[in-house]
Amino acid sequence: LIYFMYHYVTKSRKQQLDTLRLESLVKELELQTIKAHINPHFIFNSLNSIRALVDENPKRARAAVTELSNILRSSMQADKVETVPLEKELNIVKDYLALENMRFEDRLKIEYDIDDDTLDQPVPPMMLQTLVENAIKHGISKQISGGMVKVISDFKDNYHELAVQNTGYLNGYKAGTEGFGLSSTTNRLSLLYGDKARFEIKQINPSLVEAKVLLPVAGL
């Protein structure tokens, strides 16, 4: 009896360990799959804008090539790390918006409200860029006169709050139709932080939408 009990317990523990390893592997693969699909969708628009600038404004064209290169490099490296400092992510967002500004010109106004103390906080790579991209796609591009995109980073109630506000209307983000970008944001937060992080999107006034991510503060 003791012999059989010993082997039963040993086998049971081995099965539990195998299950935990499998769950860990599945989580890692899910993260890699999600991050691998987060690539900029504006490459061709950017290339067309750069081509138009080659003769008209060579200096700006060269800068645009560097900005596009930075974004693509970051996208390719996104599956190698789970988080990056906000400052690095913010630099990619600034490159992205600079490229989009070439396309929309006066139709796109950009604002930043960044608490410097949040710059070293870890954030999932390309997540903020994804929120900004959705703000452009579902907000600014649908407005005849364009609009504003504002990027916010601050500490609030023991959370690191990242928010992107844009001119537009929430009907572009109906539940179940938000597209891969926003659904991947929710999935990544769940996989990385469980119930310690939140994502919400809402109409904060008749012409302004806000997408907000609340992350646990590193070090607390």
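The values are calculated or read from the model by the stated rules, or taken from the named source; none is laboratory data. Nothing here was measured: the structure is a model prediction, and the numbers come from that model. Cβ coordinates were reconstructed from backbone atoms using ideal geometry, including for glycine residues, and neighbour counts include every protein chain displayed. Protein only, heavy atoms only, side chains kept; ligands, DNA and RNA dropped before computing areas. Shrake-Rupley method; radii C 1.70, N 1.55, O 1.52, S 1.80 Å.
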Cα-Cα longer than 19 Å, checked against 94/150; 137/212; 142/202; 137/202; 109/150; 137/196, kept in input order, equals 137/196
How much of the accessible area of segment 44-203, probe 1.4 Å, is carbon plus sulfur, in whole percent? 49
Rough spin-label spacing in nm, given labels placed 7 Å along Cα→Cβ, for residue 207 and residue 48: 2.7
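Run the numbers for residue 14 and residue 110: contour at 0.36 nm per residue of separation, minus the present Cα-Cα distance, in nm.
Values: separation 96, 0.36 × 96 = 34.56 nm, distance 5.53 nm.
Extending this stretch completely gives an extra 29.0 nm.
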For peptides 124-130, 63-69, sequence by mean Cβ density within 10 Å, most packed first: 124-130, 63-69
Could you give log10 I(q)/I(0) at q = 0.17, 0.19, 0.22 Å⁻¹ for segment 100-213, computed by the Debye formula over C-alpha point scatterers of equal weight, without solvent? -0.84, -1.03, -1.32
For residue 170 and residue 72, calculate 0.36 nm times their separation in residues minus their Cα-Cα distance, and state this gained length in nm to one decimal. 32.4 nm
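If you take the beta carbon distance between residue 91 and residue 195 as r and set R0 to 30 Å, what does 1/(1 + (r/R0)^6) give as a FRET efficiency, to the nearest 0.05?
On the way: r = 30 Å, r/R0 = 1.01.
That gives a FRET efficiency of 0.50.
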Distance-filtered residues of segment 85-116 - backbone nitrogen under 16 Å, label point 7 angstrom along residue 154 Cα→Cβ: 111-116
83, 185, ranked by accessible area, largest first (probe 1.4 Å): 83, 185
Taking the simple approach of a point 7 Å from Cα along Cα-to-Cβ for both residue 2 and residue 57, what is their distance in nm? 8.5
